[in-house]
Amino acid sequence: MLVLTKRQNNILIFLTTLNNSIKIEQLAEKFKVSSRTIRNELHVIDGFLNEYKIKIIRKPSVGIYLEKDKDNFIKLRNDLNLIDYRILDFEERNIVISLLILCNKKITFDKLANICLISKQTVINSFKSIEKYFLDYGVNIIKSQGKGITVYSNQESILNLFENILETTYKNELIMNLLFKNSEIYKFDADASLILNNLSKEKNVYFSNEDKIKILLKFIIFRFVDDFTINKTNNKIYPSYFSEENINKIEKLMEKYVVINNSKSLEYKVAVYLIEKLDKINKIDKINKEYFINGLTNHLRLAIYREKNNIKIENELLSQIKIRIPLIFEFTKRELLMCEALDGIIFSENEIAYISMYLASAYEKSINLYSKLNILLVCSFGLATSTILKTRILKIIQDCNIIGPLSESEAKTYINKNKVDLIICTGNCFIEDIELISVNPLIDTSDIEIIKNKLFQISYTKSCENFISGYVKNNELNKKTYIKDLLVYDCIQIIDEIDDWEIAIQTSAKPLIKKGLIENRYVTKMIDAVKQFGTYMVLVEETAFVHAGVDDGIKDDCTSILILRKPVTFGYKNPKSVRNIVILGIKNKINNPLIDLIYIFEKEDNLKRLKEKSIDIDEIYLMHN
């Protein structure tokens with residue numbers, strides 16, 4: 001039987017989710033490897049799929065896709081989450097070993113090796129890093145020859161360790177399948193279900209993440225409840241064989257995970273405060289508002305508990321969140337600082353990132369931007385071709401307002417009287433000041449990808465504009481903020497033209513490097529972020545707000561501005577036209593000039609003036625919000 005590596009497995013899982021074909025080059029970009037590597041991986045996957053009688057169909061100039069047989073396809077999807085069909089990578093292996101040590105009273109090296117399908121020596125070699133990780137939480141691993149491996153520490157430290165591992169793994173089917181089959185905690189499945197159901201009924205408690213809470217409860221019962229036979233109780237919530245002492249122990253350990261429907265609780269007040277602030281920017285309907293308040297309350301209960309008890313967590317998505325949803329991140333940080341109910345509790349950036357994900361989800365749910373996009377079809381061919389074009393476009397884009405097809409002259413007349421966000425045309429078409437895509441009249445696979453990417457760009461830009469205008473409208477500016485308040489004069493540059501966006505970032509950062517405020521590696525990290533995540537940092541028309549992480553080479557808070565008289569095509573993924581590049585070096589995690597600068601650059605008069613050739617540094621220095 002052929003076994004896949006993690007990357008091969010992930011490529012195959014991705015292929016099973018596609019409804020259309022995909023090119024080798026697109027797969028290579030997605031998985032950050034060369035096209036040659038993808039071809040080699042697909043050769044191995046071909047052999048693996050033979051057992052399922054499924055083929056990878058390859059069509060020149062179109063791409064690849066899986067030949068789908070319903071029954072075999074379902075079996076394939078299920079098997080891809082079993083260890084028998086995939087090799088664990090180093091990180092996954094250490095996670096599995098850590099969970100198995102915690103979820104068994106004793107376990108041996110031999111058993112760990114058998115479960116992970118590796119040698120005993122490989123397990124032993126991994127142990128040094130696992131022991132260090134456990135010690136960071138105050139948990140000791142005890143190895144007894146002939147008896148096995150166990151852990152020793154206080155209950156809270158062991159629970160914190162387990163919770164932290166579970167936070168990033170409970171949705172991983174492969175790891176959870178291994179845990180289910182090879183640990184002692186699952187014999188308490190019925191008890192945990194009974195307790196959670198009874199808590200909901202008897203104590204008016206809810207759980208926004210019941211799957212995770214259930215695993216935690218099983219772990220608590222397994223690890224910390226010692227006696228199920230004496231001092232029986234008639235408690236309505238817990239199984240009859242639980243003693244009063246066991247119940248008290250469980251409730252004490254579970255108290256931070258349970259959310260009671262209490263409008264007076266701190267976490268509820270903060271959740272309501274944040275969602276109401278978001279609601280003022282864009283209206284959230286009553287049902288969704290209640291849903292997000294409940295979910296956020298549940299999360300905040302844990303976050304507040306961690307901050308009060310100085311329990312540090314690491315959010316692996318922090319850098320992505322700060323780059324991909326910077327406005328929501330900064331909004332969350334500002335509002336948490338202004339929330340009086342918190343009474344001085346300061347959240348770390350890792351916690352803020354998780355909270356901002358909830359708010360981003362609520363905001364995106366409240367605003368259906370695609371339905372507001374006006375797409376104009378321009379086709380110079382005959383009626384039959386125009387009809388096919390519109391039919392196929394309607395299949396690809398279902399939530400936009402589609403106009404046409406019109407001839408080029410009709411389109412120009414229409415644009416003079418109506419707002420258009422994107423033009424999709426066949427052949428050569430010359431219409432100024434509106435985004436335009438030229439496509440094959442019959443729409444091929446590459447056209448579909450280009451159209452979807454362009455729509456995402458436009459909708460993302462509209463989302464940012466909508467958020468900024470809503471936030472400004474509902475937060476009256478107490479005073480004028482000038483660019484001179486946010487940076488020094490000699491950190492502003494005006495240059496006629498730079499052909500390469502990477503050189504433009506390097507040029508913009510030169511004054512900060514010269515002053516010793518950032519290191520060269522900070523510039524490299526900024527460029528890497530654009531390559532990896534795309535042009536999410538273009539938050540205002542023709543303006544990119546670029547930054548890297550706080551640990552990537554910043555000496556002190558700093559900002560620089562580069563104005564290009566001729567715009568540069570910025571980025572490789574979803575490239576955009578950019579003439580203003582703002583470099584942000586944020587060392588102080590509380591003070592961030594991003595929103596203040598956005599207010600200045602999104603102001604229509606300022607944007608218009610920045611495009612004019614006569615603009616000078618003195619005028620830029622005195623621009624305000």
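The values are calculated or read from the model by the stated rules, or taken from the named source; none is laboratory data. Quantities reported herein were computed from a predicted structural model and do not represent experimental measurements. Because the Cβ atoms are built from the backbone with ideal geometry, glycine has one as well, and the counts that use them run over all protein chains shown. Please note that ligands, DNA and RNA were not included when accessible areas were found on the heavy atoms of the full protein model with its side chains. Shrake-Rupley method; radii C 1.70, N 1.55, O 1.52, S 1.80 Å.
TYR273 fulfils the conditions (1) touching a residue at least 40 places away in the same chain (Cβ under 8 Å); (2) closer than 12 Å to SER366 by Cβ; (3) among the aromatic types (Phe, Trp, Tyr) except for a single criterion, (2).
Starting from residues that are charged (D, E, K, R) and part of a loop (DSSP other than H, G, I, E, B), keep the ones in region 450-486 and report whichever is modelled with the highest pLDDT. Ranking the candidates gives LYS480 first.
Count of region 104-118 residues, restricted to those that are surrounded by fewer than 16 Cβ atoms within 10 Å (Cβ to Cβ) and more than 21 Å from ILE158 (Cβ to Cβ), is 3. Among the residues making up region 345-364, those that are open to solvent by less than 40 Å² (accessible area, probe 1.4 Å) and either touching a Leu at 6+ places or on another chain (Cβ under 8 Å) or at positive phi (or both) are PHE347, GLU349, ASN350, ILE352, ALA353, ILE355, LEU359, ALA362, TYR363. Scanning region 531-550 for any residue that is charged (D, E, K, R) and free of Cβ contacts under 8 Å to residues at least 40 places away in the same chain turns up nothing.
Name the strands (runs of 3 or more DSSP E) wholly within region 509-586 that hold at least 1 residues that are open to solvent by 50 Å² or more (accessible area, probe 1.4 Å) and under 21 Å from GLU612 (Cβ atoms)? Break it down stepwise before answering.
Numbers: elements: 538-540, 543-546, 558-570, 576-585.
Hits in region 509-586: 558-570, 576-585.
For the subset of region 183-196 comprising residues that are part of a helix (DSSP H, G or I) and in contact with a Lys or Arg (Cβ under 8 Å, 6 or more places away or on another chain), which member is modelled with the lowest pLDDT? Within region 183-196, the match that is modelled with the lowest pLDDT is LEU196. Quick one: would you say SER371 is modelled with pLDDT under 85, over 29 Å from the mean Cα position of the chain (by Cα) and open to solvent by 30 Å² or more (accessible area, probe 1.4 Å)? Judged against the criteria, SER371 is not a match. Among the residues of region 384-420, none is identified as of a type in the set (Phe, Trp, Tyr) and either modelled with pLDDT under 80 or within 18 Å of ILE450 (Cβ to Cβ) (or both). Of the residues LEU179, LEU166, LEU199, which single one is part of a helix (DSSP H, G or I) and touching a strand residue (DSSP E or B) at 6+ places or on another chain (Cβ under 6 Å)? After ruling out the rest, the residue left standing is LEU199. Would you call SER614 outside any helix (DSSP H, G or I), more than 17 Å from ASP490 (Cα to Cα) and of a type in the set (Gly, Ala, Ser)? When the stated conditions are applied, SER614 passes them.
Inspect all residues belonging to region 337-344 and state whether any of them is small (Gly, Ala, Ser), more than 15 Å from the chain's Cα centre (by Cα), exposed (fewer than 15 other Cβ atoms within 10 Å of the Cβ) and more than 24 Å from GLU602 (Cα to Cα). Looking for residues that are small (Gly, Ala, Ser), more than 15 Å from the chain's Cα centre (by Cα), exposed (fewer than 15 other Cβ atoms within 10 Å of the Cβ) and more than 24 Å from GLU602 (Cα to Cα), one finds at least one in region 337-344, hence yes.
Please work out which residue is nearest to MET338 (Cα to Cα), limiting yourself to region 265-303 and to residues that are basic (Lys, Arg) and in a helix (DSSP H, G or I). Don't jump to the end; show me each part of the working.
Filtering region 265-303 down to residues basic (Lys, Arg) leaves 269, 277, 280, 283, 286, 289, 301.
Filter once more, so that each one left must be in a helix (DSSP H, G or I): 269, 277, 280, 286, 289, 301.
Working: LYS269: 13, LYS277: 11, LYS280: 16, LYS286: 25, LYS289: 21, ARG301: 18 Å.
Only one residue fits best here, namely LYS277.
Here PHE14 meets each of (1) under 19 Å from ARG77 (Cβ atoms); (2) in a helix (DSSP H, G or I); (3) over 28 Å from the mean Cα position of the chain (by Cα) with one exception, condition (3). In region 110-132, the residues that are assigned to a loop (DSSP other than H, G, I, E, B) never reach a residue that is basic (Lys, Arg) with C-beta atoms less than 6 angstrom apart, at least six apart or across chains. Within region 441-464, the set of residues being in contact with a Leu (Cβ under 9 Å, 6 or more places away or on another chain) and surrounded by fewer than 16 Cβ atoms within 10 Å (Cβ to Cβ) comprises LEU442 only.
Residues that are at pLDDT below 85 and either exposed (fewer than 14 other Cβ atoms within 10 Å of the Cβ) or in contact with a Gly (Cβ under 9 Å, 6 or more places away or on another chain) (or both) within region 30-45 comprise LYS30, LYS32, listed in sequence order.
A quick yes/no check of all residues on (1) crowded, with 20+ Cβ neighbours inside 10 Å; (2) farther than 25 Å from THR5 by Cβ:
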{"position": "LEU102", "(1), (2)": "yes, yes"}
{"position": "VAL123", "(1), (2)": "yes, no"}
{"position": "GLU131", "(1), (2)": "no, yes"}
{"position": "ILE142", "(1), (2)": "no, yes"}
{"position": "THR150", "(1), (2)": "no, yes"}
